[in-house]
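Asker: Structure incoming, see below.
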Amino acid sequence: MKHVHLTAAALLLLGLDPSVAKAAIACADLAKSENQPSGVTITEAVETPPGDEVSVAHCLVRGKTPDRQGIDGKTYAIRFELRLPVEWNERFVHQFNGGNDGAVVPALGPLLGGRKSDTALARGYAVVSSDAGHDGNANPDRGLAGGAAFGFDPQARRDYGYGAVATLQPLAEQIVETHYGKPIAYRYGIGSSNGGRHGMMAAERMPEVFDGLLVGYPGFNLPKAAIQHALDIQAWSKVDADISKAFGRDDLKLVADGVLAACDSLDGVSDGIVADADACETTFKIETLACESGANTGCLRPEQIEALKTSVAGPRDAEGRALYTHWIFDTGIASGNWRTWKLESPIEPWGNRPIIGVMGAASLAQVFTTPPTEVGGTPDELIAFLRDFDVVRDGAKIAATDDTFTESAMDFMVPPGADDPRLDAFREAGSKMLVFHGNSDPVFSVVDTVDWYKKLDANHDGKASDFVKFYRIPGMPHGASGPSFNDFDFFTPLVDWVEQGNAPSGVAAGITEDNAEAATLEGTRFLYCPYPAVTRAADDPSAEGEGRYICR
């Protein structure tokens, strides 16, 4: 994407006085009606000093689009927060949020590495964040299903899927440029999980808007992944009616240790990391962990083996065709994050049910099914919904429409070209995308992202890496910790690629101090490689840190 950035000298050559080219507007004055973009009400604009949460002085702007009445009788609007640093670098970040959205997460611009203090705002970027067009607390009478009850309004579904980003982006840009009195030089989008899906959706539906997109562990096939939640709950229930007891922590550690024993050395170095995941997929066999006759410790029972095989195979129709995708075994299966999503959470109001059993069930019923399905809001009712869900018959409803809900979940949630990605307009605009995904992700299978990238690469005759880079993160579950090198920075190489033309290659990584699960790893540094390259042992055996590795 090309941007015209006129310097003072250039303005003089054009006969324009740079001092009056565009007057900056003070922070507090942004709330005045004459300074507000059409279609926006700014409710707050205050100068904010540095503090514990934000390390830089900035103008905090809060606002919303006009209220509208949904068909469910609820009031909807796109609420947003925009933070404008005093020391601005003339760049803008749209912070795509995760989960069901429904709340205005502080617009700090997390950069998705392990360091929470490293944000786009702290680096001088203006940042916007929104609730994606609905209030997650608007339906308290629905209990734990309330956060997804916006799915009973078709426009709220559409805004959640893609409409809110498309509506807010130009409005936020106008506020930024009004405040600073100068144009934005570069535009970036950053998001992970559902936020990563937002980024991939923007690349398809708004291909000329963003210069660079940082996409972490994207749920770009989220409705299909939600069917997996039902499959998992049903599989775990066949092991134990109390799904938290289907697999103990020692059981999952046994699996992780088995993966490591079979696959650690496939990349040429034994370091606690399975870098060659493709080779491991054909090397490790879960059946090797089965209990022999009479044994019941240090092994997996037959019903546990079958449950894991069912889950890893993914949901399938009566003819055996995949309804989502399959999964791989990786060392992060023993992580707390994997367990929290799949088996049991530490959230007491949820009855310690896993995230897929609460948030996942509510979303599948009310947002991804057409017409939306009424579901009870207690932990037991949500788990029961998934246990009774027919992955073939009920799963077909993610692609259904009716007279009221004219877009299916597969229409409003999934990037239009997901099954056959090309991103031609995005590429022709000169835009760049950097994608990363943990091999141990329990929510969205890394295989889905691998397949997406392979198709994209094939559609560009093996040259997709000219504008999209994809990195696999061994050992990492859903975006946090795990037995992985979780301290990395993919944003800086993305910016360097966009603004300087320097395509990223290997990206060095370390371990954050709070990642106790990485204690099993050898060394303190690692090198992540752009797919399909694999991190392997460097030729120099005396090398240290990330120098121990090479991409090949």
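Asker: Which percent, to the nearest 5, of DSSP beta bridges fully inside the chain are antiparallel?
Answerer: Counting only bridges with both partners in the chain, antiparallel ones make up about 55 percent.
Asker: Follow-up. Helix 194-205 versus the longest principal axis of the chain: what angle, 0 to 90°, nearest 10, using Cα atoms?
Answerer: 60
Asker: For the range 116-199, what class follows from the C-alpha gyration tensor (a ≥ b ≥ c being the square roots of its eigenvalues): rounded when a/c is under 1.5, otherwise prolate if a/b is larger than b/c, else oblate?
Answerer: In terms of gyration-tensor shape, prolate.
Asker: Please work out how many pairs of lysine residues in the range 8-192 are eight or more positions apart (or on different chains) and have Cα atoms closer than 28 angstrom.
Answerer: Close lysine pairs under the 28 Å cut-off: 8.
Asker: Compute the long axis of helix 222-239 from its Cα atoms, compare it with the longest principal axis of the Cα atoms of the chain, and write down the angle in degrees, 0 to 90, nearest 10.
Answerer: Value to nearest ten degrees: 30.
Asker: Using only the Cα atoms of the range 185-237, build the gyration tensor, take square roots of its eigenvalues as a ≥ b ≥ c, and label the shape rounded, prolate or oblate: rounded if a/c is under 1.5, else prolate if a/b is larger than b/c, else oblate.
Answerer: prolate
Asker: Name the long-range amide H neighbours of V93: under 5 Å, sequence gap of 5 or more, or other chain; modelled H, no Pro or chain starts.
Answerer: A126, V127, V128, Y188
Asker: For the range 401-415, in order, what is each residue's ³J(HN,Hα) by Karplus, 6.51 cos²θ - 1.76 cosθ + 1.60 with θ = phi - 60°, in whole Hz (x at glycine and Pro)?
Answerer: Using θ = phi - 60°, the values come out as 9, 8, 5, 8, 9, 7, 10, 6, 4, 5, 7, 8, 9, 9, x Hz.
Asker: With a cut-off of at most 11 other beta carbons within 10 Å, and DSSP calling the residue loop, which GluC sites (Glu not before Pro) in the range 450-517 qualify? Please list them.
Answerer: Sites meeting the loop and neighbour criteria: E513.
Asker: Now for a separate question. Given 25 °C and 0.890 mPa s, how large is the Stokes-Einstein diffusion coefficient of the range 153-302 in µm²/s, with Rh as the Kirkwood radius over Cα pairs?
Answerer: Value of D from the Cα-based Kirkwood radius: 123 µm²/s.
Asker: What size of dipole, in debye to the nearest 20, comes out for the range 310-380 about its Cα centre when the only charges are +1 on Lys and Arg C-beta atoms and -1 on Asp and Glu C-beta atoms?
Answerer: So the dipole magnitude of the range 310-380 works out to roughly 160 debye.
Asker: Same structure again: With N denoting the number of residues in the range 22-99, provide Rg(C-alpha) divided by 2.2 N^0.38 Å, to two decimal places.
Answerer: It is 1.28.
Asker: Could you list K224, K463 in order of exposure, starting from the residue whose Cβ has the fewest other Cβ atoms within 10 Å?
Answerer: K463, K224
Asker: Moving on. Once you have the Kirkwood Rh of the range 320-459 from its Cα pairs, apply Stokes-Einstein at 20 °C and 1.002 mPa s and quote D in µm²/s.
Answerer: Reported coefficient: 123 µm²/s.
Asker: Quick check on the range 8-192: of the DSSP beta bridges with both residues there, what percent are antiparallel, nearest 5%?
Answerer: 70
Asker: Can you work out ³J(HN,Hα) from phi for every residue in the range 325-330, in order, using Karplus 6.51 cos²θ - 1.76 cosθ + 1.60 and θ = phi - 60°, giving whole Hz and x for Gly and Pro?
Answerer: Karplus values, whole Hz, x for Gly and Pro: 6, 9, 10, 10, 8, 8.
Asker: What is the local net charge at A290, summed over the other residues whose Cβ is closer than 13 Å to its Cβ (Lys, Arg +1; Asp, Glu -1)?
Answerer: That sum, taken over residues with Cβ under 13 Å, equals -2.
Asker: At 222 nm, what helix-only mean residue ellipticity would the chain give, in deg cm²/dmol to the nearest 500, using -39500 (n - 2.57) for each DSSP H run of four or more?
Answerer: Computed mean residue ellipticity for the chain: -8500 deg cm²/dmol.
Asker: Just for the range 431-552, what percent of DSSP beta bridges are antiparallel, to the closest 5?
Answerer: 60
Asker: Ok, one more. Are there any trypsin sites (Lys or Arg not before Pro) in the range 180-219 that are in a DSSP loop and have at most 11 other Cβ atoms within 10 Å? List them by number.
Answerer: none
Asker: Any chance you could give the angle, 0 to 90 degrees and rounded to 10, that helix 249-263 forms with the longest Cα principal axis of the chain?
Answerer: With rounding to tens, the tilt is 90 degrees.
Asker: If Lys and Arg each add +1 and Asp and Glu each add -1, what is the summed charge of the other residues whose beta carbon sits under 15 Å from the beta carbon of T48?
Answerer: -4
Asker: Give me the three principal axis extents of the chain from the C-alpha atoms, as integers in angstrom, largest value leading.
Answerer: Principal extents (largest minus smallest coordinate, Cα): 88, 64, 46 Å.
Asker: Mind checking the range 332-396 for trypsin sites (Lys or Arg not before Pro) that DSSP puts in a loop (not H, G, I, E or B) and that have at most 12 other Cβ atoms within 10 Å?
Answerer: Passing sites in the range 332-396 are R393.
Asker: P(r) for the range 383-484, please, calculated from all Cα pair distances in 5 Å bins and given in %.
Answerer: The calculated distribution, bin by bin, is 2, 10, 15, 16, 16, 16, 13, 7, 3, 1.
Asker: Right, next: Under 22 Å Cα-Cα from K463, which lysines qualify once same-chain neighbours fewer than 8 residues away are excluded?
Answerer: Here the lysines satisfying the reach criterion relative to K463 are K2, K432, K454, K455.
Asker: How many Å³ per residue does the convex hull of the Cα positions in the range 8-192 occupy?
Answerer: 133
Readers should treat all values here as calculations from the given coordinates under stated rules, not as data from a laboratory. The structure displayed is predicted, hence computed values, not measured ones. Ideal geometry is used to build each Cβ from the backbone, glycine not excepted, and the neighbour counts take in all protein chains shown.
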